[in-house]
Amino acid sequence: KVFVLDNDLDLSDTPFSPIPTFGGCFLGQGHTISGISLEGGSNNIGLFRYIQESGQIYQLTLSGIAQAGHSHSGLAMLAGSNAGYLSDCHCSGNITGGDRVGGIAGTNELTGIISGCSANGMISGRHLTGGIAGCNEGCITGSVNRSHVNTTAEHNSIDLTQLNAETAITDFLTTENAASVSNPGIIKACTNEGTVGYQHVGYNIGGIAGSQTGYIEGCVNTGHLYGRKDIGGIVGQMEPSSELEYLEDTLQKLDTEFEKLHD
């Protein structure tokens with residue numbers, strides 16, 4: 001089915017439940033849905049909770065608030081979980097949640113594509129927090145984040161009473177098991193202009209995505225960065241995909257380079 005939005009909509013003071021799942025085509029035609037108020041009862045909350053692989057959203061602007069508890073996973077203004085195609089969509093407002101919190105999508109799944117989208121406002125999460133997507137396993141291209149991401153102490157807090165030297169060192173040195181995602185995510189030609197993180201605390205926080213496996217190409221960060229571990233203007237934690245190609249014998253190449261180094 002194809003849905004066409006012909007007018008701006010204001011949902012202020014209007015009872016509204018998120019659309020559980022969507023696999024059709026939604027043409028926003030540049031119109032705005034404002035006054036959105038989303039509450040995270042179960043995981044993956046957005047205007048659309050789940051966008052299926054066949055789902056497509058075009059030229060839609062959203063504004064409002066979305067909030068969930070610290071134990072909640074998957075929160076964004078547009079999609080809690082996106083496996084489809086989001087193009088030229090723009091979200092603004094305050095988003096506060098637990099894990100996998102983003103402006104456009106909480107999680108951008110393996111088949112998910114986010115293209116030419118933007119986020120503006122305040123985004124706060126406990127873990128895996130990004131301006132565009134909390135966690136990216138798919139593709140994000142040509143998108144811009146202007147949101148401030150986890151810039152307050154409240155959502156970067158750590159309980160000092162639970163720390164000891166051994167656990168603190170282990171926590172600092174270890175990372176999420178991002179390598180368990182076998183297929184790489186892609187972030188290309190994206191820009192972050194928002195401030196990311198809070199001094200000395202917080203982790204897995206990024207201007208575009210909190211975490212991803214794959215590669216980044218042609219992206220620019222102009223925002224200020226703060227934090228404790230795995231903080232980035234584009235991605236908080238990055239597990240790159242590697243390609244090794246041997247064009248000459250490794251020992252021969254090392255021998256040549258050692259001679260240069262000696263000289």
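What about ILE140, is it open to solvent by 10 Å² or more (accessible area, probe 1.4 Å) and either small (Gly, Ala, Ser) or within 23 Å of ILE33 (Cβ to Cβ) (or both)? Judged against the criteria, ILE140 is not a match. Of all residues in the stretch 37-82, those being open to solvent by 40 Å² or more (accessible area, probe 1.4 Å) and of a type in the set (Phe, Trp, Tyr) number 2.
If you filter the stretch 105-132 down to residues that are over 16 Å from ILE186 (Cα atoms) and assigned to a loop (DSSP other than H, G, I, E, B), you find that the one that is modelled with the highest pLDDT is GLY125.
Quick check: is even one residue across the stretch 181-195 at pLDDT below 50 and either open to solvent by less than 80 Å² (accessible area, probe 1.4 Å) or in a strand (DSSP E or B) (or both)?
Residues of the stretch 181-195 at pLDDT below 50: 181-182.
Those left that are additionally either open to solvent by less than 80 Å² (accessible area, probe 1.4 Å) or in a strand (DSSP E or B) (or both): 181.
So far as the stretch 181-195 goes, yes, one or more of its residues are at pLDDT below 50 and either open to solvent by less than 80 Å² (accessible area, probe 1.4 Å) or in a strand (DSSP E or B) (or both).
Note on the stretch 66-82: residues that are without any contact (Cβ under 8 Å) to a residue 40 or more places away in the chain, touching a strand residue (DSSP E or B) at 6+ places or on another chain (Cβ under 6 Å) and among the small types (Gly, Ala, Ser) total 5. If you go through the stretch 199-224 and keep only what is within 14 Å of MET238 (Cβ to Cβ), over 13 Å from the mean Cα position of the chain (by Cα) and modelled with pLDDT of 90 or more, you end up with ILE216, GLU217, CYS219, ASN221.
Among the residues that make up the stretch 5-25, is at least one of them acidic (Asp, Glu), at pLDDT 95 or above, within 25 Å of GLN212 (Cβ to Cβ) and open to solvent by 10 Å² or more (accessible area, probe 1.4 Å)? Working first, answer last.
Here is the first cut: in the stretch 5-25, the residues acidic (Asp, Glu) are 6, 8, 10, 13.
Filter again for at pLDDT 95 or above, leaving 6, 8, 10.
If we keep only those that are within 25 Å of GLN212 (Cβ to Cβ) as well, we get none.
Looking for residues that are acidic (Asp, Glu), at pLDDT 95 or above, within 25 Å of GLN212 (Cβ to Cβ) and open to solvent by 10 Å² or more (accessible area, probe 1.4 Å), one finds none in the stretch 5-25, hence no.
With the structure loaded, tell me whether HIS262 is at pLDDT 75 or above and open to solvent by 30 Å² or more (accessible area, probe 1.4 Å) or whether it fails that test.
Answer is no for this residue.
For the stretch 115-135, the candidate set comprises residues that are open to solvent by 10 Å² or more (accessible area, probe 1.4 Å) and aliphatic (A, V, I, L, M); within that set, the residue that is farthest from THR96 (Cα to Cα) is LEU128.
Being under 23 Å from the mean Cα position of the chain (by Cα) and within 21 Å of ILE114 (Cα to Cα) is a condition met by at least one residue of the stretch 2-18.
The values are calculated or read from the model by the stated rules, or taken from the named source; none is laboratory data. Note that the structure is a prediction, hence the values are computed from the model and not measured. No Cβ is skipped: glycine too gets one built from the backbone with ideal geometry, and neighbour counts run over all protein chains shown. Side chains are part of the model used for accessible areas, which takes the heavy atoms of the whole protein and leaves out ligands, DNA and RNA. Shrake-Rupley method; radii C 1.70, N 1.55, O 1.52, S 1.80 Å.
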